[in-house]
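Single-structure report; data block below.
The values are calculated or read from the model by the stated rules, or taken from the named source; none is laboratory data. Computed from a prediction, not measured in an experiment: that's the story for all the values here. Glycine gets a Cβ as well: all are built from the backbone with ideal geometry, and neighbour counts include every protein chain shown.
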């Protein structure tokens, strides 16, 4: 399995990070790598929930939530012929009001390695943008009013 990863330290507690991260239907409002998210089974991040995700430079895919851990982590997968894609979103509270987010994306299946290598620059670029955009969104929305 081919895995790519990005991480970011965010000046906010894990509960505030989760509130933004788990609200996937609103990702297009703050995330430049996602143009549209359509919840197919309701908006809550629960095991089995499906979302149609549209991203620039990529074909739309239906992602199914496979794991949720107590507002700290969710994993979803999308399958294409010969390819399984898995995205993991993990929040680790480092200190009060300081969290680290780790975003991982992996390719598996018969054609996964080939596709993963072909899309390496897009995936690594998107992961870096996503980590930075999440940090910005959480910190901006969590900042006290001036």
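From the residues in region 17-33 that are touching a residue at least 40 places away in the same chain (Cβ under 8 Å) and farther than 20 Å from residue 70 by Cα, which one is surrounded by the fewest Cβ atoms within 10 Å (Cβ to Cβ)? Among them, the one singled out is 32.
Applying the set (1) touching a residue at least 40 places away in the same chain (Cβ under 8 Å); (2) over 17 Å from residue 18 (Cα atoms); (3) buried (at least 16 other Cβ atoms within 10 Å of the Cβ) to residue 109 leaves exactly one unmet item: (1).
Determine if region 67-80 includes at least one residue that is in contact (Cβ under 8 Å) with a residue 12 or more places away in the chain and more than 20 Å from residue 52 (Cα to Cα).
Among the residues of region 67-80, at least one is in contact (Cβ under 8 Å) with a residue 12 or more places away in the chain and more than 20 Å from residue 52 (Cα to Cα), which makes the answer yes.
Number of residues in region 110-124 that are over 13 Å from residue 34 (Cα atoms) and assigned to a helix (DSSP H, G or I) equals 10.
Being under 22 Å from residue 100 (Cβ atoms) and in a loop (DSSP other than H, G, I, E, B) is the filter here, so list the residues in region 32-84 that pass it. Once the filter is applied, which keeps residues that are under 22 Å from residue 100 (Cβ atoms) and in a loop (DSSP other than H, G, I, E, B), region 32-84 yields 32, 33, 34, 45, 70, 71, 72.
With respect to the conditions (1) outside any strand (DSSP E or B); (2) over 17 Å from the mean Cα position of the chain (by Cα), residue 94 lacks only one, and its number is (1). Checked against the criterion of being surrounded by 16 or more Cβ atoms within 10 Å (Cβ to Cβ), out of contact with any strand residue (DSSP E or B) (no Cβ under 9 Å at 6 or more places or on another chain) and closer than 22 Å to residue 8 by Cα, the candidates 137, 87 yield just one match: 137.
Summed over region 48-81, the residues that are modelled with pLDDT under 95 and either closer than 25 Å to residue 15 by Cα or under 13 Å from the mean Cα position of the chain (by Cα) (or both) give a count of 2.
In this structure, residue 92 qualifies as surrounded by 14 or more Cβ atoms within 10 Å (Cβ to Cβ) and either over 19 Å from residue 22 (Cα atoms) or touching a helix residue (DSSP H, G or I) at 6+ places or on another chain (Cβ under 9 Å) (or both). Residues that are closer than 22 Å to residue 133 by Cβ, in contact (Cβ under 8 Å) with a residue 40 or more places away in the chain and surrounded by 14 or more Cβ atoms within 10 Å (Cβ to Cβ): does region 38-52 have at least one? No: region 38-52 contains no residue that is closer than 22 Å to residue 133 by Cβ, in contact (Cβ under 8 Å) with a residue 40 or more places away in the chain and surrounded by 14 or more Cβ atoms within 10 Å (Cβ to Cβ). Against the test of being crowded, with 17+ Cβ neighbours inside 10 Å, closer than 18 Å to residue 128 by Cα and in contact (Cβ under 8 Å) with a residue 24 or more places away in the chain, the options 14, 99 yield a single qualifying residue, 99.
Residues satisfying the criterion are present in region 122-129 (criterion: farther than 16 Å from residue 9 by Cα and touching a helix residue (DSSP H, G or I) at 6+ places or on another chain (Cβ under 9 Å)).
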